[in-house]
Amino acid sequence: MKKSILIGALAVMMLFAFTACEQQIPTYKNVSYITVEQTGDFVVGQVFDASKFGVTVHFTDGSSSVIENASIEPEGWETSSATVKATLVSANEQYQASTDVVFHRDITSINIEGTSFDIDVEDAKTNATAALAAAQQKVINDLTGGGATITVGYQGGSEVLSIEDFRNWLDGKVEISYGLADASAANAIAEAIQNGEELANIGLVVTLELPTDTELDTTIAKNIPTTLVANLVLKTPATGAVITSVTVTQAENNEVFAINDTLADVEYVVTATYKNPDETTVEVVLDASQYTFEYTTYETRYAFNVQSPVTTFPYKVTIGEDEYTGDLNVTLKADYPTAVTVGYADQDNSTEGIQAKVYAPGADILENEFTYTPTAWASGYSYSTTSTGTQAPSFTYSSVTVTPDQVKYATADTTSYPVSFALTDAEENVQTTIFGGISTITVRSGN
């Protein structure tokens, strides 16, 4: 009897033991597939950043989990159809997924902070282009060196570019240039350079442009406003610096004519070269209050002579108790008209009066088919209107353009076909209208 009780109890114990073991058997889940998605923004031209993508593993039991140990690599990053591929190795099996990359291509703003242009006035006076280029290089150095940040804006957000991003842009994906935010500031800058003055907070815009050989398609905006500013600054001598030399030059854009002008019309700039205690030198444009200037052999009422103009004038500059001498070279400018009257050229000398040309529809309108008579000159001088006295400089149609340059076809008979005239600056290709007189020509069908 005791044996049967013991056996029965043992059976019950074994039953509970097997039941407990069955509940502790783990349930394993396997990887079914993975997905990858973009989690951060990219502006066109940015370098690849794997942290802006997330990888999710999906298991056979229907659950999922974001993982960090997947490999994420870009494909075709330099093209307009870039993708990224994610790879996960689990239980000796390899799983892959890819997704297209979304770039923000419509950049609406760009702000550069932490830097600015510092352009030396004297360097700009010598070579403004080189001075600006040197200042721009400083900005680039600040950006690529981490001393400044660049933030680009797009619809719905903005992105701060990394140093690598900006270097990537400069390596050819995006060309960056700077220009004036206000075109009228050019005159203020030129005047400041001429007068040796400082000028702060010159507003600039940044222009982004993709080279034609890139595969990135984009509509990056042009003339994007930026917080970047330029400053014209003056070099200053250090304490204890001494003047080693003084030069006097004619001011830039100072128009002096060989007729009707005197030595008093010459504008000049006095520049002193200082040697600092550390042996470096600094050139400084002096204010008129810092020196006295005089021509040593001429009075300022000396008038220039058209036939044999003097262009070199000895001078003396006095600073404190020191005197500096030299020669001021003056450039005389050829006189030019500021007002011109246009007339009809006579087409028939055998007939009394001016026989103006009559144009047919489709005919060319040529500059040499008109006469040009200057009525005012830049020098303000009144030239002789007779064969005696000082004659005005010759003026021809070589620098004149007439608009339009052709009569439109099918133009009906009319005596008021409009034309206009302008003077073209060959160097800058800028046209200035200084012409009066006729403003129409005659068109007659069938001629």
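A few points about this structure:
- Remark: the residue 440-residue 75 segment gains 124.9 nm on full extension, using 0.36 nm per residue and subtracting the alpha carbon distance.
- The calculated FRET efficiency for the pair residue 265 and residue 138, based on their C-beta separation and a Förster distance of 25 Å, comes to about 0.05.
- Label point distance in nm, residue 59-residue 187, each placed 7 Å from Cα along Cα→Cβ: 7.6
- Highest-MSF residue in the chain out of 423, 234, 263 [GNM, Cα springs under 10 Å]: 423
- Cα Rg, Dmax (largest Cα-Cα span) when computed across the chain, Å: 40.2, 162
- Measuring gaps between exposed loop sites in the chain (trypsin sites (Lys or Arg not before Pro); DSSP loop; at most 13 other Cβ atoms within 10 Å), the longest gap, sites not included, is 30-221.
- Karplus-derived HN-Hα couplings along region 373-389 (A = 6.51, B = -1.76, C = 1.60, θ = phi - 60°), whole Hz, x at Gly and Pro: 10, x, 10, 8, 10, 4, 6, x, 7, 9, 6, 5, 9, 10, 6, 9, x
- Relative to the longest principal axis of the Cα atoms of the chain, helix 2-23 runs at roughly 10 degrees.
- Dimensionless Rg/Rh of region 348-417 - Kirkwood Rh, Rg from C-alpha atoms: 1.09
- Measuring between alpha carbons in the structure, the pairs from 333/357; 235/333; 85/138; 235/316 lying more than 30 angstrom apart are 333/357; 235/333; 85/138.
- Phi-based couplings in Hz for region 316-324 (Karplus 6.51, -1.76, 1.60; Gly and Pro marked x): 9, 10, 10, 10, x, 9, 9, 10, 10
- Comparing 424, 262, 35 in a Gaussian network model of the chain (Cα springs below 10 Å), the most mobile by mean-square fluctuation is 424.
- Overall, the accessible surface of the chain at a probe of 1.4 angstrom is composed of carbon and sulfur to the extent of 49 percent.
- 3J(HN,Hα) along region 117-126: 6, 10, 10, 6, 4, 5, 4, 5, 5, 6 Hz, from the Karplus curve 6.51 cos²θ - 1.76 cosθ + 1.60 with θ = phi - 60°, whole Hz, x for Gly and Pro.
- Once the C-beta distance of residue 378 and residue 414 is scaled by a Förster radius of 41 Å, the resulting FRET efficiency is 0.65 to the nearest 0.05.
- In percent, rounded to a whole number, the relative contact order of region 265-423 is 15, using alpha-carbon pairs under 8 Å and six or more apart.
- Among 386, 244, 207, the largest mean-square fluctuation in a Gaussian network model of the chain, built with springs joining Cα atoms closer than 10 Å, belongs to 386.
- A 1.4 Å probe run over the chain, with the rest of the protein chains in place, finds 59 Å² accessible per residue.
- With the convex hull constructed from alpha-carbon coordinates only, region 319-373 shows a mean projected area of 8.9 nm² over all directions.
- Cα pair distances in region 261-308, grouped into 5 Å bins until the bin that holds the longest one, percent each: 5, 15, 18, 18, 14, 11, 9, 6, 3, 1, 0
- Distant-in-sequence amide H partners of residue 119 (H built 1.01 Å from N, under 5 Å): 231, 232, 233
The values are calculated or read from the model by the stated rules, or taken from the named source; none is laboratory data. All figures in this text were calculated on a predicted structure; none of them were measured in a lab. When we count neighbours, we look across all protein chains shown, and the Cβ atoms used for this are built from the backbone with ideal geometry, even at glycine. What goes into the accessible areas is simple: the full protein's heavy atoms, side chains included, and nothing from ligands, DNA or RNA. Shrake-Rupley method; radii C 1.70, N 1.55, O 1.52, S 1.80 Å.
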